[in-house]
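Enquirer: The structure is given below, and queries will be raised subsequently.
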Amino acid sequence: MGKQIWKPGNMLYPLPAVMVSAGDREGNANILTVAWTGTVCTNPPMVYISVRPERYSYHMIEESGEFVINLTTEKLARAADYCGVRSGRDVDKWKECGLTKKKASTLKYAPAVEEAPVNIECRVVRIEKLGSHHMFLAEVTAVQAEEAYLDERGRLDLNRTGLIAYSHGEYLGLGRKIGTFGYSVRKKSAEPQRDRRQRGKIKRGKQTISGKKRKH
């Protein structure tokens, strides 16, 4: 089968569908759902979100220079969709979705969403007016993680939270694991071979220790 040539467009999917919370200097707060978002730098940790200027939250972010990226899960999928199709000019999204404002640890105006497993606190360093969307480039100032998803070593087991993705108008669960980072080039462990050699020694002489027979 052949491929069709289409006009230029954004077909980069799947994407994270995150709830972005923002606040203004008067104490108003809102949530908007954003899929145009991602990581841009590790050190310093930086992210971006792209927002249409006509969105209700746009001027909150522009004026305060703050926002919080709240990761969404299957349990939060309905709230994420609602916050993407309703405007804060008309409804109180916090109340309608049953979401709770949580104080950010490093920000003054933007609250976090308590129900999200991870809250990424961000401070804007630059605004790029690209066209239909303006990109807020931001530095991550803190991350809040739900303790229920920490393992016995204190590491975040993020894939246990039920994260969702957005692809071509649909919300999707992440599905089964097919590998881990670097698995395609990772050498097979030599441990099974050592175990097999050790078992062979035991079969040949039950009193063998470190390859030498015990003297009676």
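Enquirer: Using label points projected 7 Å from each Cα along Cα→Cβ, tell me how many nm separate ARG25 and ARG186, to one decimal.
Expert: In this crude spin-label approximation the distance works out to 5.1 nm.
Enquirer: How big is the shadow of the Cα convex hull of the chain, averaged over all directions, in nm²?
Expert: Mean projected area of the Cα convex hull: 20.6 nm².
Enquirer: For TYR56 and HIS168, FRET efficiency with R0 = 25 Å and r from the beta-carbon atoms, rounded to 0.05?
Expert: The formula returns an efficiency of 0.50 here.
Enquirer: For LEU130, project a label point 7 Å along Cα to C-beta. Then give me every residue of the range 50-68 with its amide nitrogen under 16 Å of that point.
Expert: 50-55, by backbone N distance to the label point.
Enquirer: Now for a different question. Run the reach check for LYS93 against aspartates and glutamates, Cα to Cα strictly under 13 Å, same-chain hits fewer than 8 apart removed. What comes back?
Expert: Cα-Cα hits under 13 Å: ASP81.
Enquirer: Using the structure shown, select from LYS75/LYS108; LYS75/LYS101; LYS7/LYS177; LYS102/LYS177; LYS103/LYS129; LYS101/LYS177 the pairs with a Cα to Cα distance greater than 25 angstrom.
Expert: Over 25 Å apart, Cα to Cα: LYS75/LYS108; LYS7/LYS177; LYS102/LYS177; LYS103/LYS129; LYS101/LYS177.
Enquirer: With bins 10 Å wide starting at 0, give me the P(r) of the range 83-122 over every alpha carbon pair, in whole percents.
Expert: 28, 50, 22
Readers should treat all values here as calculations from the given coordinates under stated rules, not as data from a laboratory. Predicted, not measured: the structure shown is a model, and the values here were computed from it. Positions of Cβ are backbone-derived with ideal geometry, glycine not excepted, and every protein chain shown enters the neighbour counts.
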